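Peer 1: I have a structure here, written as C-alpha cells, and I will follow up with some questions on it.
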Amino acid sequence: MAIVNLKKGEVQAKIVYYGPGRGGKTTNLEYIYRKFHDRIKTEMVTIKTHGDRTLFFDFLPIEIGKIKGFDVRIQLYTVPGQVKYDATRRLVLRGADGIVFVADSLVVRRKENMLSLKNLADNLATYKKSLADVPIVLQYNKRDLEDEGIPLLSLEALEKDLNSRLRAPSFGASAQKGPNVVQTMKKIIVMTMDSLRRNLM
Amino acid sequence: MKKHYKVVVGGPLNYVFNREQLTAIEDVLERDLVELGVRSVFLIDMAGNIIANKGNGEGRHDIYSLAALAAGNFGAVSTMAKLIGEEEFSLLFHRGREESIHFSKLADDFLLITIFGKALSLGFLRLKVAEATGKIAAILEC
C-alpha cells in the first residue's frame with residue numbers, strides 16, 4: 001500500500017525481501033546499509049532473537065531522490081525466513097508494493113526455496129493478491145561460495161525451479177560480498193515505481 | 001475541496017492524499033492533540049507508511065522506524081486478539097517512565113500513534129484521540 005503525499009510531493013513505497021531462512025535477506029539489507037550509509041539518516045531497525053535470527057523484521061528506509069518530481073522514499077523490509085514464523089511473515093507482507101525473493105543457491109536448500117516461494121504465493125493470497133499482481137525480482141544468493149568448493153545449484157536449475165512460470169528478472173548475487181545486491185534493489189525499485197505510476201499517477 | 005481517490009491494485013487499496021486533506025488532517029493533529037500537550041502524533045497506514053505527523057518540537061524521534069514498528073506491533077497484537085477469540089483489543093497503550101505511546105485504529109487501514117508525557121492522563125488522552133480520529137475519518141470519508 002503505497003502512500004502518495006501531494007502536499008509534500010512525496011511517495012512512500014514498501015519493498016519486502018522474502019525467502020527461506022538463512023538465505024541472506026538480512027545480509028542484503030546490511031550490505032545496502034553499509035554501502036549507502038551517507039544517504040540513510042536513521043539506524044537500521046532489526047528485531048532478532050538471541051541466536052541472531054530475524055524474529056519479526058528488519059527495516060531500512062532509503063531516500064532515492066526525485067522521480068517525476070516526487071521525492072521517493074523506499075522502505076525496505078525483510079521477513080523472518082524460518083517456517084515457524086509464518087504469522088509474522090504475513091504481517092510484514094501486508095501492503096508490500098514490491099518483492100525481492102532471495103533464494104539460497106546451496107544444493108541442500110533446493111526444497112526450502114520452492115517451499116518458501118509457495119508460502120509467498122499463499123500469504124499473498126490472504127491479501128487477495130497473486131505473484132502476478134506484485135512486482136517481483138528473484139535473487140539467487142551465495143554465488144561466492146562456488147569458489148570455496150561448496151556445491152551450488154546452477155543458475156539454470158534455479159531458474160527452472162523457481163522462475164519457469166513467473167519469468168521475473170533474476171540475478172545471481174552475493175549478499176555477503178556485494179555483487180548484484182545493489183542491482184537487485186535498483187531493479188525492484190524501478191519495477192515498483194513503474195507499477196505505482198501505472199496504478200496511481 | 002477535491003475528493004481523494006482510491007485505486008484498487010489487486011485487492012488492497014493504495015491511497016493518494018491531496019493537499020487540502022493533508023492540511024485538514026494536520027490541523028486536527030495540531031489543534032486537538034499537540035496543543036493539548038501531546039509530544040508527537042502521527043497518522044500511518046497499516047503497512048507502516050507515514051501520512052501526516054505533528055509534534056511540539058521537543059521529541060526528536062525517528063518517526064519512520066517508529067511507524068514501521070508501530071504497524072508491526074499493532075498487527076501482532078491484532079493477531080493475538082484473534083487467536084484468543086477477540087475481534088480486537090480496545091486499548092493499546094505502552095506506559096514508560098517519562099514517555100508513553102498510545103495506538104488508535106482509524107477505519108480499517110490507518111493508525112493514529114500518539115506519544116505523550118506524564119502531564120497528560122490516559123483517560124483524557126483517549127477522549128481527545130477519539131474526537132480526533134472521528135474528525136480525520138470524516139476528512140478521509142471512510
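Rule-based calculations on the coordinates, nothing more; no lab input. Because the structure is predicted, anything quoted here is derived from the model rather than measured. No Cβ is skipped: glycine too gets one built from the backbone with ideal geometry, and neighbour counts run over all protein chains shown.
Peer 1: To the nearest 20 Debye, how big is the dipole of region A:1-63 about its Cα centre, given +1 on the beta carbon of each Lys and Arg and -1 on that of each Asp and Glu?
Peer 2: 80 debye
Peer 1: Next question. Describe numerically, in nm with one decimal, the distance between label points set 7 Å from Cα along Cα→Cβ at A:K118 and at A:E10.
Peer 2: About 4.2 nm, to one decimal.
Peer 1: Dipole size in debye (nearest 20) for region A:3-200 around its Cα centre, Lys and Arg Cβ +1, Asp and Glu Cβ -1?
Peer 2: With only Lys, Arg, Asp and Glu charged at Cβ, the dipole is about 620 debye.
Peer 1: Sketch the reach of a paramagnetic label on B:A76 as a point 7 Å from Cα along Cα-to-Cβ, and name the residues of region A:114-130 whose backbone nitrogen lies under 18 Å away.
Peer 2: none
Peer 1: OK, next. If you project the alpha carbons of region A:16-76 onto the principal axes, what extent comes out on each, in Å, largest first?
Peer 2: Between the extreme Cα coordinates on each principal axis of region A:16-76 lie 43, 21, 17 Å.
Peer 1: Follow-up question, since we're still on this one. Is region A:96-201 best put as rounded, prolate or oblate by its Cα gyration tensor, with a ≥ b ≥ c the root eigenvalues, rounded for a/c under 1.5, and otherwise prolate when a/b is larger than b/c, oblate when not?
Peer 2: oblate
Peer 1: From the residues A:L93, A:L138, A:Q82, which one has its Cα farthest along the dipole of chain A in the positive direction, the dipole being from +1 and -1 charges on Cβ of Lys/Arg and Asp/Glu about the Cα centre?
Peer 2: After comparing all options, I get A:L93.
Peer 1: Same structure again: From the Cα gyration tensor of region A:16-119, with a ≥ b ≥ c the square roots of its eigenvalues, which class applies: rounded if a/c is under 1.5, or else prolate if a/b is larger than b/c, or else oblate?
Peer 2: Here region A:16-119 falls in the prolate category.
Peer 1: I've got another one for you. To the nearest 20 debye, what charge dipole does the protein assembly as shown have about its Cα centre, counting +1 at the Cβ of each Lys and Arg and -1 at the Cβ of each Asp and Glu?
Peer 2: The calculation lands at about 440 debye.
Peer 1: Also, quick follow-up: Rg and Dmax in Å for region A:3-200, alpha carbons only: what are they?
Peer 2: 16.2, 55
Peer 1: Test of understanding: ordering A:V134, A:V83, A:V92 by Cβ neighbours within 10 Å, fewest first, what list do you get?
Peer 2: Ascending Cβ contact count within 10 Å gives the list A:V83, A:V134, A:V92.
Peer 1: Note down the nm distance, to one decimal, between modelled labels 7 Å out along Cα→Cβ at A:K48 and at A:S154.
Peer 2: It is 3.6 nm.
Peer 1: Once the convex hull of the C-alpha atoms of the protein assembly as shown is built, how many Å³ does it hold per residue, rounded to a whole number?
Peer 2: It comes to 142 Å³ per residue, whole-number rounded.
Peer 1: Still on this structure, please answer the following. Just checking the output field for A:136-149: average partner chain Cβ neighbours within 10 Å of each residue's Cβ?
Peer 2: Taking the mean over all residues of the peptide, I get 0.
Peer 1: Of A:S170, A:I40, A:G69, which is farthest towards the positive pole of chain A's charge dipole, taken about the Cα centre with +1 and -1 on the beta-carbons of Lys, Arg and Asp, Glu respectively?
Peer 2: It is A:G69, whose Cα lies furthest towards the positive end.
Peer 1: By count of other Cβ within 10 Å, fewest leading, how are A:E146, A:E156 ordered?
Peer 2: Least to most surrounded, the residues fall as A:E156, A:E146.
Peer 1: Between B:A130 and B:R95, 0.36 nm times their residue separation minus their Cα-Cα distance comes to what?
Peer 2: Between B:A130 and B:R95, full extension yields 10.7 nm more.
Peer 1: When averaged across all projection directions, what area in nm² does the alpha-carbon convex hull of region B:5-140 cover?
Peer 2: 8.8 nm²
Peer 1: Picking from B:N73, A:M1, B:T114, whose Cα lies most toward the positive end of the charge dipole for the protein assembly as shown (charges on Cβ: Lys, Arg +1; Asp, Glu -1)?
Peer 2: A:M1
Peer 1: If you stretched the chain out fully between A:F36 and A:L55, how much longer would it get, using 0.36 nm times the residue separation minus the C-alpha to C-alpha distance?
Peer 2: Separation in residues times 0.36 nm, less the Cα-Cα distance, equals 4.4 nm.
Peer 1: Springs between alpha-carbon atoms under 10 Å, Gaussian network over chain A: tell me which of A:D144, A:D86, A:D38 tops the mean-square fluctuations.
Peer 2: The residue with the greatest mean-square fluctuation here is A:D38.
Peer 1: Next up: Take peptide A:189-199, look around each residue's Cβ out to 10 angstrom, count Cβ atoms belonging to other protein chains, and average those counts.
Peer 2: For peptide A:189-199, the averaged partner shielding equals 1.
Peer 1: Over all residues in A:69-79, what is the mean tally of Cβ atoms on other chains that come within 10 Å of each residue's Cβ?
Peer 2: For peptide A:69-79, the averaged partner shielding equals 1.
Peer 1: Among A:M1, A:M114, A:M44, which comes first, then next, by fewest other beta-carbon atoms within 10 Å?
Peer 2: Going from least to most buried by this count: A:M114, A:M44, A:M1.
Peer 1: Could you tell me which of the pairs A:K41/A:K128; A:K7/B:K118; A:K84/A:K129; A:K68/A:K118; A:K129/B:K54 are separated by over 24 angstrom between their Cα atoms in the structure shown?
Peer 2: Exceeds cut-off: A:K41/A:K128; A:K7/B:K118; A:K68/A:K118; A:K129/B:K54.
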